[in-house]
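Note sheet for the following structure.
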Amino acid sequence: MVSRAALVAIAVALSSACAPTFDDSTSIISAPRLLAVQSTPAEAVAGGAFSLSALYVGPQGVQTAPQLDWATCLLQTPSDQPGPVNPACFGSGSSDVVSLGKGGTANATVPSDACLLFGPNSPPPTPGQPSPRPTDPDATGGYYLPIVVGDPAGQWSVAPERITCPPSGVTQDVLAVISAGYVPNVNPAIASLSSTSGSGPATVVPADGSGVQPMTVSAGQQFALSVSWASCPTSPQACSGAETYLSLDSTTHTVVTLRESIVASWYATGGSFASDRSGRSGVDPGLDATNIWTAPRTSGVVHLWVVLRDARGGVGWQGYTLKTQL
Amino acid sequence: MNRRVFLPCVAAAAVLAVSSPVLAQEAAPPAPAGAHKLTRPPRLVTFIEAPFPESEKAAGHGATVVLELGITATGTVDKVAVVQSAGAAFDEAAVGAARAFVFEPAEVDGKPAAIRILYQYEFVLKAEAPTTAILAGQIRDQRTRKPLAGVQVAVTGAGSATTDAEGRFRFDTVAPGPHTVSISGAGLADVETSETLEAGRQTTVTYDVELQDSKPAEDRDDLEIVVAPPAMEKQVISTQVAADEARRVPGTQGDVLKVVENLPGVARASVGSGQLVVWGAAPEDTHVYVDDVPVPTLYHQGGFRSVIHSDMVSSVELMPGGWGPDYGRGIGGLVKVDLGPIPKDGVHGSVSSDLLDSAADVRARFSDRVAVEVAGRKSYLDALLPVFTSSNVGQYIPIPRYYDAQTRVLWEPSRTARVELGGLISSDAVSDEVPSTDPTNVQKQTHDSGFRRVWLRYFKQTADGAEMVVVPSLGTNTDSLVDAFGPVPTELEVNATVASLRASWRKRVTNWITLTAGVDGQFTQSHFRRTGSTTSPPRQGDDYVFGQAPPNQVAHDDGTIIASSIAPYASADVAIADGHVHVVPGVRFDPYLVTTNRQYPPFGTTPAHGLASESTALEPRLSVRWTPLPALTWKVGWGQYHEPPAPADLSAVFGNPTLGLESAEHILGGVVVGTPDILSFEATVFHSTSQNLAVRSPLPTPLAAQALVSTGIGRSRGVQVLVRKQLSKRFFGWITYTLSQSQRAVAPGAPYYDYGFDQTHVLSAVASLDLGHGFELGGRFRYATGYPRTPVTGSYFDGKTGTFEPIFGPLNSIRIPDFVQLDVRVSKRFAIGDTNVEAYLDVQNVTNRGNPEEFVYSLDYTQRRYITGLPILPVAGARVSW
């Protein structure tokens, strides 16, 4: 009564195998785009200063001195919005969108009331009303100040700056542990990028302007790429790899020790990647992320970028230049 | 007899005869004219009514005949002549009557004398005074309540009649007064009862009789007849489908309860959702009762199967709105599942199997008073698929895993009482995983749900004809959704203990009033646990696109909610105008007590403060049915409805512990023309408004413990049409069409938007034809407007995650394209001895049309396409019953 063909039909049907496919890889750079924003420090306290720098690239490589519009958005995200910022942050004319100037970098200061606006502290109540609901932390226990970036093509981006806010609504013991042991986030950094092909492993040298000749690869050749980062202590310490950090468990309201995940986003001006992103979860002790890159079938120069993002909002990147030849 | 005669007094006639130059003239006396004087005119002392000619009744009007009467000196009439004719029939009647008149003789000169006068005889047609009564009714099997055909019903002085296929009989001309009603027939001993009938009134009765062969031989002389209240009229708007008809509907794979999806007023649910969307209401606002036992769902997850074995079901009835006061705690529709009777003898059962699951049902009667039924179903697709495909297919495909079981023990301590102990259990589990090289993009989802119920049902029919039903039930509901999108968790778990008590009493207190009164109580203790973002899972009215990662914000709350209410209710079915009009006013008084263990979000070591709130809902209901003709019924209904908020919405972190009762008002009217067994047409116009709906706080930063507020309003309006031919010899089918609009607003005065479950047009056509030789061919065609969705008008890049986020346009301002699907079912029935076998092939979407079910977007939200629904899907199965 039950045939194999019918079962397969059921499987196909139930899988909603009818989901469409898109040619929507975000890894290949065909037009100028903002790939990442790094803030330094990666986590700042209320009232603290931080700087922002953008990785803005195009088919010809990094775009120098891009005319990016930077702004701090002081609008809170409505409760019916699933995104990380209030959509009104992208409008113009709001007094809550504070311009930080134009350019490839910007400097800003975390508002002194950031932990009220975007953190665990309840804003002052209106007389006769309960206190407003505080912002919920992310899965790492963090809170973020919205930074919005507009590029010359009209594309908006956000680059939230993690802010250090003492937890609210916890016991003194918990507060003491967090205050003493929490180490603000540090941006991750790429230790190395290696490639493996039929000719064996090789280290890809960053295109840092030091005059190093770009690596030459065969057109159409497949490479296993591996990006690595530093090994970090298992206790909370500043580190450019997957850091261990203290967090407040929202369920038990106790302090827990977690480890950052690190995700590598892969970008290139040519060829194709097997995955747009790859990485290691917080429970995965690995120190690298791998991907498969297929070189373009034409000769020329290919720019390649790897952006590392840790779970607490830290960002680091490195650019590489490759030559393909037939 | 409709007859009335105007009799002019003789004196007046005499005066007329003397004074009227036209119509009367003084008769010529026997003496010479002028020699005598009329000293006393004749006086009519014996009047004879002339019958109104039957041949003239059809004309609908009366007539006047002017006669010349010759009256003798003794007062008799010896001559009658027509002076002014009104036609032969009237003339003859008038002349015949006048000849028998007797007068006090006229006196001429003080002495009795003969005389001639003119007499005007008027015939006036009028309605006859009622002189007879009507007795109509139905004979049913006392055990099964099924109608009995072919039963002889005799009424003293009125003859006898035989009940039709619906068990109905009727006597149109019965003399008023007491009568003995005798009932006899195959399988029945002669039984008698008495009825007192009133002239000009119709008395409608229902007799529940016990079949002789269902009783032990020693008891067969002790038969009785129970005069039951009239069969409960359907709610003012409802559609009921018998199980035998429902299981043959294409697309249901023989599942009786899946027929609800094709009834008028029901929107087409998205594939795999199993949701019941009735008149545009939220699925959770429509409630399901199985023999008065509330259950949380009608279908297993995905909607592939119902939670009750089809062989247990007698019928399913959908009431989209305007229902009576016996049900409450819901502002949407109502689905009632009636469990069927257990056969009178022997062991019966069925086994069925198809690609999804197998099911079995066994019914056994151990004596005339004790019977048992056990049924169950178990899915096995999750076990079969890995055998034929990759072993880890379950990680990628959300394969439903479910089972359900039901049991009933029936004890009938007397012929008029039944006690039933029953149990239900249902369990669902669905899990899937989307792997990724990106740990922040790994998706895992597990959704487990289920419920259990035990109940005791006591039915008693008293000697005075009243019916009493008491149904206490106890059970649990469980629902656990655990979703992880990378590091972002979403957990929502609600476990509830549910106790309910429904008790009703119903009696025909007079020939024209049937009273219903009862109590409907429910106690629910829910423990919820929720973790994740406030917007995950999304609510209706949120900006959201399918597949979007949940916001990376994590909150947590858990708590206990107790919601209890015990509602007395009453209604009266008042039959007036000879039963042509039924006015059914009712009222339900529903006091709610809701307690939460936490009024504010947890804060440090501050102890939680609970909150108890009491709300009272007074819910008047009214329905009126007018049946001016046997095949024409007009009906209107109105009612107010309330329901408590969902337990998880009372969370101090994710919701609002002070949410009040949601309320709705239903107004509807319609007409039914024809009879379902031949062909019926039913049209209903409806309008419902709802208030105090739980919606997101409109504040950019909601106040503490007020993430939700009770300001939402809604409205739903439309018209539904049903053309139906019920199952008869070879064919059944129906066509339903619903035109509706369902909208919501976040607060009074705020603009309305199309509700996420709004479907403007829903058309469903179902037909099944018995081809003979056991073959049956059926088809189902469905068309539905797509659900509204919020468009994505742009996107922005999130530098923190390296992903894109959507920018939304106006809420629910675009729609998924229309749904069109044709399903076909072919079955073959045959018998092997006492065993019946049915093999069927149910092919869904025979045209293999790719119906869009949901929008999906590319990673950067620059491209939009559709997830399409099930491709052509043949499901073969078989059912063996005995």
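Laboratory data are not the source of any read-out in this text; all were calculated from the coordinates shown. Every value quoted in this text rests on a predicted model; they were computed, and no experiment measured them. Quick reminder, even Gly has a Cβ in these numbers, built from the backbone with ideal geometry, and neighbours come from all protein chains shown.
Each of B:Asp208, B:Asp164 was scored by other Cβ atoms within 10 Å of its Cβ. Arranged with the fewest first, they read B:Asp164, B:Asp208. Assuming charge only on the beta carbon of Lys and Arg (+1) and of Asp and Glu (-1), the dipole of chain B about its Cα centre is about 900 debye to the nearest 20.
The 3J(HN,Hα) values that the Karplus relation (6.51, -1.76, 1.60; θ = phi - 60°) gives for the stretch B:281-287 are, in residue order, 7, 4, x, 6, 8, 9, 10 Hz. Gly and Pro appear as x. Based on C-alpha pairs under 8 angstrom that are at least 6 apart in sequence, chain B has a relative contact order of 7 percent.
Considering all alpha-carbon pairs of the stretch B:334-881, what whole percent are spaced by more than 45 angstrom? For the stretch B:334-881, the share of Cα pairs beyond 45 Å comes to 23 percent. Within a straight-line Cα-Cα reach of under 16 Å, B:Lys37 can be paired with the following lysines, leaving aside sequence neighbours fewer than 8 residues apart in one chain: B:Lys111. Panel values: chain A, Kirkwood radius from alpha carbon pairs, Stokes-Einstein at 20 °C and 1.002 mPa s, translational diffusion coefficient 97 µm²/s. Residue by residue, the stretch A:269-281 carries 3J(HN,Hα) couplings of 8, x, x, 8, 9, 5, 9, 6, 9, 8, x, 10, 6 Hz when phi is fed to the Karplus relation 6.51 cos²θ - 1.76 cosθ + 1.60 (θ = phi - 60°); x denotes Gly or Pro.
Considered as an equivalent ellipsoid built on the Cα gyration tensor, the stretch B:241-319 has semi-axes of 18, 14, 12 Å, the largest given first.
If you put +1 on each Lys and Arg Cβ and -1 on each Asp and Glu Cβ, how big is the dipole of the stretch B:780-831 around its Cα centre, in Debye rounded to 20? Kindly include the intermediate steps, with their values, before the conclusion.
Values: 8 positive and 4 negative charges, 120 e Å.
I would put it at about 580 debye.
Here is how the number arises for chain B: DSSP H runs of 4 or more residues each give -39500 (n - 2.57), the sum is divided by the residue count, and the result at 222 nm is -1000 deg cm²/dmol. 3J(HN,Hα) couplings calculated from phi for the stretch A:257-262 with the Karplus curve 6.51 cos²θ - 1.76 cosθ + 1.60 (θ = phi - 60°) are, in sequence order, 9, 10, 10, 5, 8, 9 Hz; Gly and Pro show x. For chain A, the longest principal axis of the C-alpha atoms and the axis of helix A:172-181 are separated by about 40°. Counting Lys and Arg as +1 and Asp and Glu as -1 over every other residue whose Cβ lies under 15 Å from the Cβ of A:Val263, the net charge comes to -3.
Counting only lysines at least 8 places from A:Lys102 when in the same chain, those with an alpha carbon closer than 30 Å to its own are B:Lys800. If you take the Cα centroid of the stretch B:282-296 and the Cα centroid of the stretch A:273-326, the two points sit 53 Å apart. Tilt of helix B:10-19 relative to the longest C-alpha principal axis of chain B, in degrees (0 to 90, nearest 10)? Approximately 70 degrees, to the nearest 10. Amide H to amide H, with H built 1.01 Å from N, B:Val82 comes under 5 Å of B:Glu68, counting only residues 5 or more places away or on other chains. Across A:Val177, A:Val149, A:Val45, mean-square fluctuation computed from a Gaussian network of chain A (C-alpha pairs under 10 Å connected) peaks at A:Val177.
How do B:Ile513, B:Ile678, B:Ile807, B:Ile115 line up, fewest other C-beta atoms within 10 Å first? Numbers along the way, then the final one.
Numbers: B:Ile513 13, B:Ile678 10, B:Ile807 17, B:Ile115 25.
Final ranking by Cβ density, sparse to dense: B:Ile678, B:Ile513, B:Ile807, B:Ile115.
Take B:Tyr569, B:Tyr753, B:Tyr121 and order them by how many other Cβ atoms sit within 10 Å, fewest up front. List each step's numbers first, then the result.
Details: B:Tyr569 22, B:Tyr753 19, B:Tyr121 25.
Least crowded to most crowded, the residues run B:Tyr753, B:Tyr569, B:Tyr121.
Farthest towards the positive end of the charge dipole of the protein assembly as shown, among the residues B:Leu276, B:Ala94, A:Gly282, is the Cα of B:Ala94, using unit charges on the Cβ of Lys, Arg, Asp and Glu.
With K and R counted +1 and D and E -1, the other residues having a Cβ less than 13 Å from that of B:Ala517 yield a net charge of 0.
Using only Cα positions of the stretch A:243-326, each an equal point scatterer, no hydration layer, compute I(q)/I(0) via Debye at q = 0.12 Å⁻¹ and quote the log10 values to two decimals. Relative scattering, expressed as log10 I(q)/I(0), comes to -0.48.
Calculate the dipole size of the protein assembly as shown relative to its Cα centre from +1 charges on Lys and Arg beta carbons and -1 charges on Asp and Glu beta carbons; express the result in debye to the nearest 20.
Working: 87 positive and 113 negative charges, 258 e Å.
I would put it at about 1240 debye.
Packing around the peptides A:296-306, B:303-313, taken as the average count of other Cβ atoms within 10 Å per residue, puts them in this order, highest first: B:303-313, A:296-306. Distance check, please: which entries in B:Lys344/B:Lys460; B:Lys258/B:Lys378; B:Lys146/B:Lys344; B:Lys378/B:Lys828 exceed 21 angstrom between their Cα atoms? Checking Cα-Cα distances, B:Lys378/B:Lys828 exceed 21 Å.
Distance from the C-alpha centroid of the stretch B:604-672 to that of the stretch B:489-546: 11 Å, rounded to the whole angstrom. Taking Lys and Arg as +1 and Asp and Glu as -1, the other residues whose beta-carbon sits under 14 Å from that of B:Val347 total -2. Which is farthest toward the positive dipole end of the protein assembly as shown among B:Pro105, B:Ser764, B:Gln553, measuring Cα position about the Cα centre, with Cβ charges +1 (Lys, Arg) and -1 (Asp, Glu)? Selected residue: B:Pro105.
Hey, got the average number of other protein chain Cβ atoms within 10 angstrom for residues in B:859-866? Mind dumping the intermediate values first?
On the way: counts 5, 6, 1, 2, 4, 2, 4, 3.
Per residue, the average neighbour count from other chains is 3.
Counts of other chain beta carbons within 10 angstrom of each beta carbon in peptide B:698-709 average 5.
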